[in-house]
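Accompanying notes for the structure given below.
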Amino acid sequence: MAINLLVIAYFLVLACFTTLSAGNFIRDAQITWGDGRGKVLEGGRSLSLSLDQYSGSGFQSKNEYLFGRFDMQLKLVPGNSAGTVTTFFLSSQGEGHDEIDFEFLGNSTGEPYTVHTNVYAQGKGNKEQQFRLWFDPTAAFHTYSIVWNPQRIIFLVDNSPIRVFHNHETSGIAFPKSQPMRVYCSLWNADDWATQGGRVKTDWTLAPFVANYRNFNINACASGGSCGSQSGSSSWQTLELDSKGRNRLRWVQQNHMVYNYCADSQRFPQGVSIECKRSRF
Ligand SMILES: *[C@@H]1O[C@H](CO)[C@@H](O)[C@H](O)[C@H]1NC(C)=O
């Protein structure tokens, strides 16, 4: 009897520890390409990706999710990172796929990274917004988050909202809500377009380029529908911006946004998409 209780207590304590601990790359992710260029470090607490002239590398989550909050800490390629692209995104598979993107476009030494965001629903993207960060993303780890619930998608940087994409299905705009998605991360070469429109090429004498990931935290619903909150918090399910969040978003968009598809009438001469008119912040 006493032994049984001890065993039960042991497992309860263990369960608490596992649910409270941050995501673990060994348990939650797998390196899928790059032939040894991706490395799990610190017993699964961090992961590094590298890129040289032969290949980049990448990993993905083991599970698929339908709605959730996905946090990742990243330290980007330092120095001359021109031509490199570091990613953290969600994607479903197959035709008419859904996707929610964070992409970090490298730059020459001292020039700012561009944070590229996009949303695809049923295969249709063309919803890019780009930002400059208000800190050096190569000097330390910073947290990048995607909150995805049935009402909206929120992109956050160190918990500051930088973009909100609302569900405007009632106006005929597709919204990702029925295809489960996996988390994908990669470091690859895109010097044909990434930096200053492809004018600045990757300097391979500086290879390997390395980006670091840590504190991968998933708080999401499994594709089967169960939404066990892994680390206790399920506030993402109804998360929307309060007035403080809206002020912060306005500050980011007014001071740090460098491209907005909603304002690109040259590219969309027939008029911008409906959600641009409906969602003022
Ligand atoms: C790189 O820096 C240049 C000059 O500051 C800037 O115009 C460009 O948008 C930056 N980012 C990329 C990805 O080219």
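Wrap a convex hull around the Cα atoms of the stretch 162-207, take a quarter of its surface area, and give that in square nanometres. Don't skip to the answer; put the middle values down first.
On the way: hull surface 24.5 nm².
Taking a quarter of the hull surface, the average projection is 6.1 nm².
What is the set of long-range amide H partners of VAL200 at a cut-off below 5 Å, with H atoms built 1.01 Å from backbone N?
THR195
Length gain on complete extension for the stretch ILE26 to ALA222, per 0.36 nm per residue less the alpha carbon to alpha carbon distance?
Gain on stretching ILE26 to ALA222: 68.7 nm.
Evaluate the charge dipole of the chain about its Cα centre and quote only its size in Debye, nearest 20, assuming +1 on the Cβ of each Lys and Arg and -1 on the Cβ of each Asp and Glu.
Numbers: 25 positive and 23 negative charges, 131 e Å.
With only Lys, Arg, Asp and Glu charged at Cβ, the dipole is about 620 debye.
For the chain, what is the convex hull (Cα atoms) projected area averaged across all directions, in square nanometres? Don't skip to the end; give the middle numbers.
Working: hull surface 69.9 nm².
Taking a quarter of the hull surface, the average projection is 17.5 nm².
Could you give the length gained on full extension between LYS177 and GLN122, defined as 0.36 nm per residue of separation minus the Cα-Cα distance, in nm? Don't skip to the end; give the middle numbers.
Values: separation 55, 0.36 × 55 = 19.80 nm, distance 0.98 nm.
Roughly 18.8 nm would be gained on extension.
Rounded to the nearest 10 Å², what accessible area does TRP236 show when all protein chains are kept and the probe is 1.4 Å?
Probe radius 1.4 Å; accessible area of TRP236 about 10 Å².
Over the chain, average the accessible area per residue using a 1.4 Å probe and give it in Å², no decimals.
49
Given a 1.4 Å probe and the protein chains all in place, what does the accessible area of CYS262 round to, in Å² to the nearest 10?
Roll a 1.4 Å probe over it and CYS262 shows about 40 Å².
Can you give the extra length, in nm with one decimal, that the chain gains between ASP35 and HIS166 once fully stretched, where that is 0.36 nm per residue apart less the Cα-Cα distance?
Stretched fully, the ASP35-HIS166 segment lengthens by 43.3 nm.
Can you pull the percent of the stretch 126-258's accessible area that's carbon plus sulfur, 1.4 Å probe, other chains left in place? Please report the intermediate quantities before stating the final value.
On the way: 2770 of 6100 Å².
It is 45 percent, rounded to a whole number.
The values are calculated or read from the model by the stated rules, or taken from the named source; none is laboratory data. Everything numeric in this text was worked out from a predicted model, so none of it was measured. Note that we place each Cβ from the backbone using ideal geometry, even for glycine, and neighbour counts take in every protein chain shown. Keep in mind that these areas ignore ligands, DNA and RNA; they rest on the heavy atoms of the full protein, side chains included. Shrake-Rupley method; radii C 1.70, N 1.55, O 1.52, S 1.80 Å.
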